[in-house]
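The values are calculated or read from the model by the stated rules, or taken from the named source; none is laboratory data. All figures in this text were calculated on a predicted structure; none of them were measured in a lab. Every residue, glycine as well, gets a Cβ built from its backbone with ideal geometry; the counts of neighbours run over all protein chains shown. Accessible surface areas use protein heavy atoms only, side chains included; no ligands, DNA or RNA. Shrake-Rupley method; radii C 1.70, N 1.55, O 1.52, S 1.80 Å.
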Amino acid sequence: MPIIELQGVSQEFGGLRALDGIDLKVEPNAIFGIIGPNGAGKTTLFNVITGIYAPTEGRLFFHGTDIASLSPYKVARLGIGRTFQNIRLFNRLSVLDNVKVAANWKRASGLLASLLGLPAYVREQRECSAKAEELINMMGLYEKRMEYAQSLSYGEQRRLEIARALAANPSLLLLDEPAAGMNSAEKLELMELIWKIRDDMQLTILLVEHDMHLVMNICETIAVLDYGRKIAEGDPAQIKSDPRVIQSYLGVER
Amino acid sequence: MLLQQLVNGLTLGSTYALIALGYTMVYGIVQLINFAHGEIYMVGAFVGLFLVTAWNVNLGLAMLGAMAVCMMLGMTVERVAYRPLRGKSSRLSPLISALGASIFLSTLMALLAGVNTRRYPAIVDLSSYSLGPVQVSSMQVIILLVSAFLMIGLHMLVRRTRIGKAMRACSQDLEAAALMGINVNRVISYTFAIGSALAAAGGVMVGIYYNAVWPYMGTMAGLKAFAAAVMGGIGSIPGAMLGGITLGVLEIMGVAYISSSFKDAIAFGILILVLILRPQGILGQKISKKV
Amino acid sequence: MTLLEQWITEIIDPYYLRILILMGINIIMVLGLNITTGVTGQLSMGHAGFMSLGAYTSAILTLELGIPFWLTLLAGAAVAAVFGFIIGLPALRLEGDYLAMVTIGFAEIVRVFFLNFEPGGKAVGLSGIPQQTTFSLVLLLTIVVIFFTQRLLSSRIGKAMYSIRENEIAAEACGINTTHLKVLSFVLGAFLGGLGGALYAHYMYYINPQDFDFMRSIEMLNMVVLGGLGSIPGAIVGAAILTVLPEMLRIVAEYRLLFYGALLVILMIFRPNGLLGDIRLYDLLKGKRKEEVKACQS
């Protein structure tokens with residue numbers, strides 16, 4: 001069974017069709033890339049999957065259940081984590097708290113238990129901190145765990161967003177232009193990191209990215225969007241040689 | 001009876017609309033509730049009063065003088081209290097700064113002019129005309145005509161002139177407008193000036209109509225005019241006009257048919273209902289969250 | 001407790017005692033507003049509405065039914081909390097300035113309601129409320145409230161509330177039920193506002209609707225902002241300064257509000273996060289360490 005499946009998903013904004021009948025299937029444990037020119041609907045697709053927009057038409061299945069009408073926090077709780085194209089961290093919380101916030105919703109204890117500091121709550125918090133520190137360590141941010149998120153460098157902020165997205169143990173991770181603004185050394189590190197995350201945590205990764213080198217190297221399957229439609233899907237070799245893709249996006253190689 | 005209330009409501013509503021226009025224009029461009037706007041309206045009423053009592057000018061000159069002074073004042077408030085904050089802080093800080101400016105202005109006026117209510121000398125013939133069952137006073141006619149004139153003027157300014165075009169561009173996207181070579185600071189400054197002038201005209205007319213001018217008159221009027229702007233759909237100029245008139249009529253009707261002691265509660269009750277049922281206001285467009 | 005009270009009334013001048021009691025009441029209410037506005041970022045400009053609900057509820061229960069004082073305190077806070085829940089509901093659909101407008105409207109409606117409310121004495125208000133709020137009670141409650149808000153803000157719920165203020169969309173994407181927490185922040189804020197109002201009514205003998213007007217809401221908002229949005233020490237310092245300062249400035253009473261207004265503008269320009277808004281113990285300690293390192297190197 002595919003981990004996520006879109007059937008004829010369309011999204012309209014006041015007459016503008018940002019997504020037009022998208023069909024998509026992503027198999028478990030894949031690294032799946034979505035490319036396309038600016039305004040093709042890539043980020044909109046992520047926003048539909050994560051519940052920020054309810055699709056105007058079509059159905060959306062995650063592990064076989066329809067999630068098209070769920071609110072974002074419910075989608076997140078089902079196991080979809082994401083990062084944002086324009087970084088959205090909790091700027092005036094510490095690095096550690098940024099990750100703990102996301103790791104925390106599963107905990108059972110409520111308002112009273114937190115106020116009174118009951119033992120069950122204390123134990124949960126300890127587990128949660130341990131989990132968050134482990135993730136921060138994995139992203140190489142351990143030294144900075146007490147700094148405000150806003151004081152991190154750009155690359156560090158991108159890594160912190162990934163750590164936060166992983167905190168709730170998702171089975172599907174959506175990365176929205178993770179390499180934007182990185183130099184080539186950082187991009188290589190990022191590729192290693194994405195592989196490592198997929199293999200260590202056994203999850204599926206869906207990524208939107210403009211850097212063709214990174215996409216072609218890392219993704220097993222790629223879908224190409226143009227004007228809200230899917231114009232091609234296949235492995236990197238197929239995509240590189242697809243005439244429609246070359247015409248609308250990759251351009252003619254000389 | 002109903003027709004009479006409608007005329008009274010229209011009169012009150014057009015003064016709300018004049019103030020509401022200032023809120024909505026500023027909000028449309030910088031997304032700020034200019035809390036000091038109600039105080040600008042109050043200062044306008046005082047300047048008019050001063051001109052009339054000290055120099056014996058007529059209503060037209062008093063209004064022009066008040067508009068000129070308030071244009072300067074509006075631009076000054078923007079320069080001192082808002083511009084230093086623009087683009088570098090949270091949404092909350094400019095709002096609080098606006099509150100500070102509002103408190104400062106009303107207190108300053110209370111110190112300068114005293115807290116007592118002042119009255120305009122009789123510069124307008126207060127006779128009224130009978131139109132069938134409806135009594136219309138000459139001040140009501142003046143308020144309706146002047147408001148209509150100013151609103152049409154504003155509409156032409158926004159639609160037909162260069163500065164109007166720049167204002168519309170800025171309300172679409174401030175950054176893009178700046179990139180296109182529009183002097184954003186100047187456009188914002190002019191927006192404050194125009195809004196303040198409209199509020200000043202409203203202040204002078206309301207001061208004469210209700211024959212009362214006092215330093216804290218701007219607070220409640222400002223809150224209600226903002227409510228009117230929100231009701232009409234904030235950022236929308238026709239919305240502010242419609243919201244102001246609707247609020248004025250509903251408030252007068254509420255006073256006439258329900259109870260006068262709940263006057264202020266009626267306006268806010270309507271506002272809350274509108275916001276819950278139609279958060280974007282009557283004429284506002286639904287904006288989906290940018291992600 | 002009574003012994004402590006006796007001892008305190010003997011050694012502290014009544015004038016200063018009064019300021020201290022009002023300061024404590026303000027701290028309690030401002031810690032509440034801090035949860036709604038400072039921590040969760042939901043701008044509330046009608047906190048005086050919750051205060052008056054607490055004040056009137058407790059005063060009427062005391063005067064009409066002779067219910068024990070501590071029960072009327074709880075009842076005042078609870079009634080305010082119920083209204084906090086009701087006001088929190090629009091917060092689910094409205095953002096920022098629109099929400100601020102609803103809270104202003106709510107407080108105005110409450111004020112007009114009490115102006116016309118027969119059991120509340122209409123515009124005259126209620127008088128002869130027994131003065132049961134003592135210094136030691138306010139001190140005790142202030143400490144309890146500080147303790148529990150500290151607990152709350154460092155808990156997972158508190159951190160989740162901060163995350164809503166920082167970035168609501170990201171908070172949702174992290175699995176946080178933002179609707180639930182926004183309403184909770186209003187309920188908790190209103191509860192403390194109502195508690196403060198009930199204490200206030202039983203300290204002042206006399207309340208009337210004008211005690212809880214728009215300026216009162218603004219005053220409390222000022223306290224949160226001055227100290228620093230979201231910070232408990234900030235809320236305490238803000239409430240303390242703005243309770244004491246007007247008393248000291250009474251000599252130039254006329255200029256008091258002028259100063260208030262100017263203070264807000266200047267503060268926003270030079271310290272938009274308030275006096276203590278972005279100061280953390282951690283940074284202070286770290287700063288010290290850096291200085292030590294520097295000292296060793298030189």
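Here are a few things to note about the model shown:
- In the range B:212-261, the residues that are away from chain C (no Cβ under 12 Å), open to solvent by 10 Å² or more (accessible area, probe 1.4 Å) and not in a helix (DSSP H, G or I): B:Ala212, B:Trp214, B:Ser236
- Selection from the range C:80-106 of residues that are among the aromatic types (Phe, Trp, Tyr) and in contact (Cβ under 8 Å) with a residue 60 or more places away in the chain: C:Phe83, C:Phe85, C:Phe106
- Annotation: C:Phe113 fulfils all but one of (1) part of a helix (DSSP H, G or I); (2) in contact (Cβ under 8 Å) with a residue 40 or more places away in the chain; the unmet one is (2).
One line per residue, one yes/no per condition, for (1) open to solvent by less than 50 Å² (accessible area, probe 1.4 Å); (2) under 27 Å from C:Thr179 (Cα atoms):
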| position | (1), (2) |
| --- | --- |
| A:Gly8 | yes, no |
| A:Phe13 | no, yes |
| A:Pro28 | no, no |
| A:Ala40 | yes, no |
| A:Ala54 | no, yes |
| A:Arg59 | no, yes |
| A:Ser71 | yes, yes |
| A:Leu78 | no, yes |
| A:Gly81 | yes, yes |
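- Hits in the range C:130-164 - residues which are hydrophobic (A, V, I, L, M, F, W, C) and more than 14 Å from chain A (Cβ to nearest Cβ): C:Phe135, C:Leu137, C:Val138, C:Leu139, C:Leu140, C:Leu141, C:Ile143
- Within the option set A:Asn86, A:Asn91, being touching a strand residue (DSSP E or B) at 6+ places or on another chain (Cβ under 7 Å), open to solvent by 50 Å² or more (accessible area, probe 1.4 Å) and modelled with pLDDT under 90 holds for one residue only, A:Asn91.
- Applying the set (1) modelled with pLDDT of 80 or more; (2) surrounded by 15 or more Cβ atoms within 10 Å (Cβ to Cβ) to C:Arg256 leaves exactly one unmet item: (1).
- Screening C:Val124 against (1) over 28 Å from B:Leu95 (Cβ atoms); (2) surrounded by 17 or more Cβ atoms within 10 Å (Cβ to Cβ) leaves a single unmet condition, (2).
- Of everything in the range B:67-77 that is of a type in the set (A, V, I, L, M, F, W, C) and surrounded by fewer than 17 Cβ atoms within 10 Å (Cβ to Cβ), the residue that is farthest from C:Leu267 (Cα to Cα) is B:Ala68.
Every residue, every condition in (1) closer than 18 Å to B:Ser196 by Cβ; (2) open to solvent by less than 10 Å² (accessible area, probe 1.4 Å); (3) facing chain C (nearest Cβ under 9 Å), yes or no:
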{"residue": "B:Gly65", "(1), (2), (3)": "yes, no, no"}
{"residue": "B:Arg79", "(1), (2), (3)": "yes, no, no"}
{"residue": "B:Gly87", "(1), (2), (3)": "no, no, no"}
{"residue": "B:Leu99", "(1), (2), (3)": "yes, yes, yes"}
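- Of the residues making up the range B:103-114, those that are more than 10 Å from C:Leu264 (Cα to Cα), open to solvent by 10 Å² or more (accessible area, probe 1.4 Å) and facing chain C (nearest Cβ under 7 Å) number 2.
- Test: residue in the range A:51-71 that is in contact with a Gly (Cβ under 9 Å, 6 or more places away or on another chain) and facing chain C (nearest Cβ under 10 Å): yes
- Residue satisfying condition, being at pLDDT below 85, within 14 Å of another protein chain (Cβ to nearest Cβ) and open to solvent by less than 30 Å² (accessible area, probe 1.4 Å), within set C:Gly238, C:Gly227, C:Gly234, C:Gly277: C:Gly277
- For C:Ile60, the conditions (1) facing chain B (nearest Cβ under 9 Å); (2) in contact (Cβ under 8 Å) with a residue 60 or more places away in the chain; (3) surrounded by fewer than 23 Cβ atoms within 10 Å (Cβ to Cβ) are fulfilled apart from (1).
- Of the strands (runs of 3 or more DSSP E) contained entirely in the range A:5-121, those carrying at least 3 residues that are in the same structural domain as A:Cys219 (by TED's automatic domain parsing) and of a type in the set (A, V, I, L, M) fall at A:16-26, A:31-35.
- Among the candidates B:Val124, B:Val52, B:Val69, residue that is away from chain C (no Cβ under 14 Å) and over 18 Å from B:Pro215 (Cα atoms): B:Val124
- Being part of a helix (DSSP H, G or I), open to solvent by 50 Å² or more (accessible area, probe 1.4 Å) and in contact (Cβ under 8 Å) with a residue 24 or more places away in the chain is a description that applies to B:Asn185.
- Scan of the range C:88-114 for residues that are of a type in the set (A, V, I, L, M), open to solvent by 20 Å² or more (accessible area, probe 1.4 Å) and within 7 Å of chain B (Cβ to nearest Cβ), ordered by number: C:Ile109
- Residue check, A:Leu166 of a type in the set (A, V, I, L, M), closer than 25 Å to A:Gly41 by Cβ and surrounded by 14 or more Cβ atoms within 10 Å (Cβ to Cβ): no
- Within the range C:233-256, residues that are in a helix (DSSP H, G or I) sit with their Cβ atoms under 7 Å from residues that are at pLDDT below 75 and open to solvent by 50 Å² or more (accessible area, probe 1.4 Å), at 6+ positions apart or across chains, in these pairs: C:Pro246/C:Arg256; C:Leu249/C:Arg256.
- For C:Arg156, the stated conditions hold: it is in contact with an Asp or Glu (Cβ under 9 Å, 6 or more places away or on another chain), of a type outside the set (A, V, I, L, M, F, W, C) and at pLDDT below 90.
- Among (1) under 21 Å from B:Gly44 (Cβ atoms); (2) open to solvent by 20 Å² or more (accessible area, probe 1.4 Å), the one test that B:Ser130 misses: (1)
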